[in-house]
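Notes for the one structure printed next.
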Amino acid sequence: MFNFRKRLVTALAASAIAAIALSGCSPAASSAGSSAKASGGTLTIGTIVASTTFAVNNSAWANESPYLQAVYDTLLHSDPDGTVKPWLATKWSYNSDKTVLTMKLRDDVTFTDGTKFDADVAAKNLLRFRDGTSPQKAYLATLADAKAVDATTLQLTLSAPNPSLLSFLSQNPGLQESPAAFGTPDEKTTPVGSGPYVLDKKATVVGSTYVFTKNPRYWAPQQQHYAKLVMNVYSTPTAILNAIKGRQINGAPLTDNSTIPQIKGAGYTANGQQLNFFGLLLFDRAGTTTPALGDVRVRQAINYAFDRKAMLKAIGQGYGTVTSSIFSPDSSGYDKAMDSYYTYDVKKAKALLKEAGYGDGQITLTMPTSSGFTPATYALTKQYLGDVGIKVDEVNVAPTSFLGDLLAAKYGSTVMQLKAAPTTWETLTLDVLPKAGWNPFHTTDGTVDSLAKTIQTGSKDEATKAAQQLNEYIVKQAWFAPWYRPQQTYATDPNTSVQTQTGNAYPYLWNFVPKK
Amino acid sequence: MLAFIARRILSGVVLVVAISVIAFLLLYAGGGDIARRLLGEDASAQTVAQKAHELGLDRPLFEQFGSWVAGVFHGDLGTSWFTSQPVGDAILSRLAVTLSLVFGATILIAVVSVILGVLAATRGGWIDGLVQVLSLIGTAIPGFLIALGLVVVFAINLGWFAPTGYVQFTDSPQGWLSSIALPVIALSLGGIAGVTQQIRGSMLDSLRQDYVRTLKSRGLSTRSVVLKHVLRNAAGPALAVLGVHFVGLLGGAVIIEQIFAIPGVGQVAVTATSQGDIPLVMGLVIATGILVVLLNLVVDLAQGWLNPKVRLS
């Protein structure tokens, strides 16, 4: 006869052994259990996305920049304020029409596989990036050719001047990967660079925890502030907050500013910067699908309809700066006066609509709604526009189709948050020029084209003047109806000092330093 | 017995094939522009089209499904579009983490439920009342709220456990225990409430049977009657409930892993599904489908093992 208790104990013991054995099967583990200390030993940071790929030609910047900066060098560096500085390229110069860039490269850099870095390698990397599928591929769209003049001289030929090229070469277009790794089966998960750290594949759990150890042969050891880097992926704001409160990480981006008081309470510093603008995008400036939007007075009325300070307080918890402009304060086109150009003025809005021939309720804007923004955002939008007599017809769009639908010009206007690019030219290529992705109706305007030409080809002073003129023109023409630039917050613990990076959600890796 | 196992495996295979087809169609129906989501809002339309071509998303649906099926038959589940990791590796590494949570929770549920259920049924009175109230509370409070409460009290305020992350057993047994303690407790409470009630009810039914009176009249101690005979008869239905809970725990792990940032199947399932990482989601569907089929088979066999009366010939 079977002994029931014996069986039960046997079954439980077997389950326990299986559980332990299974846990041991895991290839690696998160190191999140250890507390963060200012030893200079380990920097543990939180990220909100995993690394999609380490293959440079397909790599993404912004949220993925920490992974790439750990293992790769870029041709140029940029300071926290965006000033471009030498790195693998020590000197550079343009020809007179800014279509040929010649760069002098370092001769003492070696990849971790032993391959030597030279101008030929740099040229191959640039051309490969241009032909790859990186989200930032368009940054090198005007790169006609790249070639090595000699081992340390690189020459880039452009089909048209690119005023932001040097800045771009400090981001993923400028990353340098060993050519021996090009096209190898594990290129996407096994980086081979010349950077300050090396991916520890054994300790890494892809998609969850990435561990990097110091590259012992790094040519710039002064940039290696830590012996080890750990990057933990947190998929929810709650998990980030808990990791902060538990002092498990030295730094992390906050995806929800309402948690700022809590992170300050935990002794962390909230490092703020403004990377985006939030508001309405008025795409259909020619009135193709929404005739009323073709009238500048209607677009201006929309701008006057919103109480931006109230929007910032209600939606952005007061963290940010109200604005009527899409230009970043870091860009040459920024003009502080444009931040307050449109005030909250219902009377003026109604008068403009009347002048344009539209009475109360005669304009209906069809706008997509997405779970990406709060219901309060849409409710306030509807309310403010309704107050001046503009109706809003909301169309619920699946989050998976939202971006695609907007960029395919399915809607003449929408609520949206977009990057306030750190350079004027990037702003133009993203949002303004006829071929810009966020100009889905391909609006063309003689004044815009002319000023853009000056920004592209003129001297620095000419370009700066034209950029500010362009900003003012776009604001007055009401191409957009921004409400505010929300604060992007990066939290750091008391043991870590950091400088935020203009235009990037994450501080650059070498700007994390243990506090003495 | 062998014919029974073969039939169950065959029906399991049909089930897994069916859910694979349905999952594939659903993913494509609600997938939207996957290449655009992969590249983000700043990528140009040309780059998006190039990426879609690279991923094979511009091919007819049946052709994409055919390629995926052919890959499966060759042991290749593809590569995650959002982490570049082979799907097989991603699932194996994460399944181990999730199963360690689920096994841990199952053991906790079994042990605590047996103790509470037996106590409630045999002692009655205020103990029974207390167990019933606790069971009601355990059933009523959602697991994620329990998890959040546990984190705040035991990880953040008291600092006894790590609030997030997972430590491998081979790296540090103590760290491993610390990293799974709170998730396992959060995962278990609902199950403890349900299984305790089941054991209590089955025990009470069995205690009223004639054979119990007979055994007692023959001079067997109450302890011996309860543990050797009554509990054994009550274990069958309880095991069935535990089996159902085991499958439910896999679902519960989805939320718990998110809260504790544990790199398990649940966490990756949520991320992959929201991103539209079709190769990874399809791999997860296959893996969890097979797991559930096997678990149900094991529960059926275990019931026969524990109670000869339900054994199949």
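A short reminder: the numbers here are calculations on the coordinates, not readings from a lab. For clarity, every value in this text was computed on a predicted model and none was experimentally measured. We place every Cβ from the backbone using ideal geometry, glycine too, and count neighbours over all the protein chains shown.
Quick notes
- Set side by side, the residues B:A272, B:A261, B:A235 differ, and just one is of a type outside the set (K, R), buried (at least 17 other Cβ atoms within 10 Å of the Cβ), at the interface with chain A (Cβ under 10 Å from one of its Cβ atoms) and more than 30 Å from A:V205 (Cβ to Cβ), which is B:A235.
- Residue within segment B:262-274 that is touching a strand residue (DSSP E or B) at 6+ places or on another chain (Cβ under 6 Å) and of a type outside the set (D, E) present: yes
- Residue in segment A:155-202 that is nearest to A:T454 (Cα to Cα), counting only those that are aliphatic (A, V, I, L, M) and within 14 Å of chain B (Cβ to nearest Cβ): A:A181
- Elements of type helices (runs of 4 or more DSSP H) contained in segment B:67-184, each with 2 or more residues being within 14 Å of chain A (Cβ to nearest Cβ): B:87-123, B:143-150
- Any chance A:P237 is under 30 Å from A:I260 (Cβ atoms) and surrounded by fewer than 24 Cβ atoms within 10 Å (Cβ to Cβ): yes
- Search result, residues across segment A:285-302 that are part of a loop (DSSP other than H, G, I, E, B) and within 20 Å of A:Y342 (Cα to Cα): A:R285, A:D295
- Residue check for B:Q46: part of a helix (DSSP H, G or I) and within 28 Å of A:M416 (Cα to Cα): yes
- Scanning segment A:96-110 for residues that are of a type in the set (S, T, N, Q), in contact (Cβ under 8 Å) with a residue 24 or more places away in the chain and in a loop (DSSP other than H, G, I, E, B) yields a single hit, A:T99.
- Per-region count, segment A:139-157, residues buried (at least 21 other Cβ atoms within 10 Å of the Cβ) and part of a strand (DSSP E or B): 4
- Flag for B:I255 being part of a helix (DSSP H, G or I), in contact with a helix residue (DSSP H, G or I) (Cβ under 9 Å, 6 or more places away or on another chain), within 14 Å of chain A (Cβ to nearest Cβ) and in contact (Cβ under 8 Å) with a residue 12 or more places away in the chain: yes
- Residue list for segment B:36-77, restricted to those being surrounded by 19 or more Cβ atoms within 10 Å (Cβ to Cβ) and touching a strand residue (DSSP E or B) at 6+ places or on another chain (Cβ under 8 Å): B:D42, B:L77
- For A:L430, the stated conditions hold: it is touching a strand residue (DSSP E or B) at 6+ places or on another chain (Cβ under 8 Å), closer than 25 Å to A:Q273 by Cβ and either away from every other protein chain (no Cβ under 13 Å) or not in a strand (DSSP E or B) (or both).
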